[in-house]
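First the structure, in the form of structure tokens, and then the observations on it.
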Amino acid sequence: MKLKSLYNFLENVFSLFSVKVIDLAIAIWLIPYLILKVGIQNYGLYAFAIALMFFFMNISNYGFDLVAVRTLAKETTKNNKHINTIFNEVLSVKIYIIGFLLLVLLLLNLVQPSFRAHSILYLFASFLLLSDLFSLRWFFIGVEKMKFLPVINLLATLIYALLVLLFIKQPTDYIYIILFEAIGLIVAGVISFSYVLNEYQLTIKLLPFKKVMRYVYLNFSSFINLFVPSVLSNVAVLLVGFFSISTHVSFMQLAVKFSNAFATLNAILAKVFYPIVNRNKEVMKTSFTVLLITGVLLSLAMFFSADYLIAPWLKLESEAAILQVIQIIKILSPTPFLMSLIAAFGVNGLLVLEKDKLFGKITIITTLIGVVVGVVLLVNNNYLGGALFLLTARGLYALASYILFKKTKKY
């Protein structure tokens, strides 16, 4: 790897790592504060709403972190006209999808009593969905200017944290948590959106509905490949919400956040390697080695650190509650390794070889099996079934990615 390429690689790793560090720091600092102020049960109501919004936001992302990133990465000349075309495609698709999802959310509030009982919470949640319209993470990764992402993320986080500290004082304030998060993302998003328009001299020209539907159809496989792995954690939280009480939703969300923190480094490496491997497939084996070794080490660290980190972090009064969270975390401890297998042989393997449809089939089949198993496990094991579902789904996904990549490489 040339010196300049190595510098760019390390800069991008550091930039994405900084984004995750900011997210991790805010979680470590704010979550105990929020639980203290609103209570574990109300925090569970917020956790369910935020899981649903992240589920919707991953739909509105529609595989752009794969399709748009890959297209931009292959555009070596960085022609502004071509970039403008990609930008308008993404923006147009997002507008239609977000509009549709807002209608779905409205319908849920009208017909579902559990949603109607917390209608103000979900009204505020809709602003979080709107904030995703201005998210340009896919763009900065595609043009390999990831150094801007920590700045954007830090601004959004500071606004959110300041509003929480100023206004979240009593249990009934839980409805405002998601609104404050949305405000931070909208402000930071609008600023970065304006910067990109100006810096790259882009003009907004929305696509007609027919072209949007054609884009949706042609890139459905990529959408599935990005959507399902991204929302598995949210699905686990939502399933616990459907089958158990809000307190258990809190436990599941806290364990998922801890698990995701340990999977962070691999997620960063996968994103940084993706545009590089798309340009130069000789780097593929190196990316596999780095991802897999990192995954093993992170899984071991996650399992053995849970006993020492959870109690000082959450400061829950109930020792039983702390032990329940630790139990879920230990069940989820193979997650970083399984995610490294998916990132290596799936994202940086099959997708780089342009086997999008094959990877899409793997994603759909393994996830459907995982959901069926998960429902059975939740009925028989209560909230622990959520963790077992997540482990089963990711295990099947990782195994299928590895087997089919090896078969593909033989031909």
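Of note:
- Full extension of the chain segment joining Ser114 with Lys409 gains 101.3 nm, where the gain is 0.36 nm per residue of separation less the Cα-Cα distance.
- In Å², nearest 10: area of Ile293 left accessible to a 1.4 Å probe: 100
- Estimated from helices alone, the mean residue ellipticity of the chain at 222 nm is -28000 deg cm²/dmol (sum of -39500 (n - 2.57) over DSSP H runs with n ≥ 4, per residue).
- Scattering from region 265-411 was approximated by placing one identical point on each alpha carbon and applying the Debye formula without solvent; log10 I(q)/I(0) at 0.16, 0.17, 0.21 1/Å stands at -0.90, -0.97, -1.22.
- Most to least packed among 268-278, 154-164 [average Cβ atoms within 10 Å]: 268-278, 154-164
- Lys285 paired with Lys315, simple spin-label distance in nm, labels 7 Å along Cα-to-beta-carbon: 5.2
- The stretch between Leu300 and Lys147, if pulled fully straight at 0.36 nm per residue, gains 52.1 nm over its current Cα-Cα span.
- Estimated from the Cβ-Cβ distance and a Förster radius of 41 angstrom, the FRET efficiency linking Val216 and Asp307 is about 0.30.
- Between Val21 and Ile95, the contour length at 0.36 nm per residue exceeds the alpha carbon distance by 23.6 nm.
- Correct option for semi-axes √(5λ) of the Cα gyration tensor in Å [calculated from the coordinates] among (i) 55, 22, 19; (ii) 32, 26, 21; (iii) 39, 21, 19: (ii)
The values are calculated or read from the model by the stated rules, or taken from the named source; none is laboratory data. Fair warning: this is a prediction, and the values are worked out from it, not measured in the lab. Ideal geometry is used to build each Cβ from the backbone, glycine not excepted, and the neighbour counts take in all protein chains shown. The area values use the complete protein model at the heavy-atom level, side chains included, leaving out ligands, DNA and RNA. Shrake-Rupley method; radii C 1.70, N 1.55, O 1.52, S 1.80 Å.
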